[in-house]
Amino acid sequence: MTASAHALELLKVAAAAADSKAGEDLVAIDVSNPLPLTDIFLIVTGRSERNVVAIAGEIEDKMTEAGFKPLRREGRAEGRWVLVDFGDLVVHIFHEEERVYYSLERLWKDCPVIPIELPAPRVAE
């Protein structure tokens, strides 16, 4: 089984939002085969607690604008690991230290990685 077109659409919006708030090292993993409840994990790193919370907020805002509401969210108060569940897409925004410690990419290494296409940066004139 592979990620649905709907999940890929969610990924595109969420990844662009994360990138716009300086989210780093974005990785999308197709977990549709082993997990029946979701298709994609998007993993993002923030440089500080404030950055992690800002990335999570921007993702929620842009996803809501696009018509996708979160089903649940966790960890926003601490700003170390924020999880936002959009059904077919689950976004994990980690502080750098937590990203290394929990190493979700290692846990899901048997699942395919989905290439992420981000909008080209604007050039100032």
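Read-outs throughout are calculated quantities, based only on the coordinates presented, and are distinct from any laboratory measurement. None of these values were measured; they are calculated from a predicted model. Here the Cβ is made from the backbone with ideal geometry for all residues, glycine too, and neighbour counts use every protein chain on show.
Working note: Debye formula, equal point scatterers on the alpha-carbon atoms of the chain, no solvent; log10 I(q)/I(0) at q = 0.09, 0.20 Å⁻¹ is -0.22, -1.11. Split the chain at each of the trypsin sites (Lys or Arg not before Pro) in a DSSP loop with at most 12 other beta carbon atoms within 10 Å, and the longest piece is 1-108.
For region 11-24, 3J(HN,Hα) computed residue by residue from phi via the Karplus equation (6.51, -1.76, 1.60; θ = phi - 60°) reads 4, 4, 5, 5, 5, 5, 5, 4, 4, 5, 10, 6, x, 10 Hz, glycine and proline entered as x. Considering only alpha-carbon pairs that sit under 8 angstrom and 6 or more positions apart, the relative contact order computed for the chain is 29 percent.
Projected label points at Glu96 and Asp25, each 7 Å from Cα along the beta carbon direction, are separated by 0.9 nanometres. Computed from the Cβ-Cβ distance with R0 of 30 Å, the FRET efficiency linking Arg47 to Glu117 stands at 0.85. Where only DSSP H runs of four or more residues are counted, the chain gives -10500 deg cm²/dmol as its mean residue ellipticity at 222 nm, each run worth -39500 (n - 2.57).
Ranking Asp19, Asp61, Asp30 by Cβ neighbours within 10 Å, fewest first, what do you get?
Details: Asp19 18, Asp61 11, Asp30 21.
Fewest-to-most ranking of Asp19, Asp61, Asp30: Asp61, Asp19, Asp30.
Spin-label model, Thr64/Ser4: points 7 Å from Cα along the beta carbon direction are separated by 2.3 nm. Take the Cα of Lys109, step 7 Å toward its Cβ, do the same at Ala77, and the gap between the two points is 3.6 nm. Of all DSSP beta bridges confined to the chain, the antiparallel ones make up roughly 70%.
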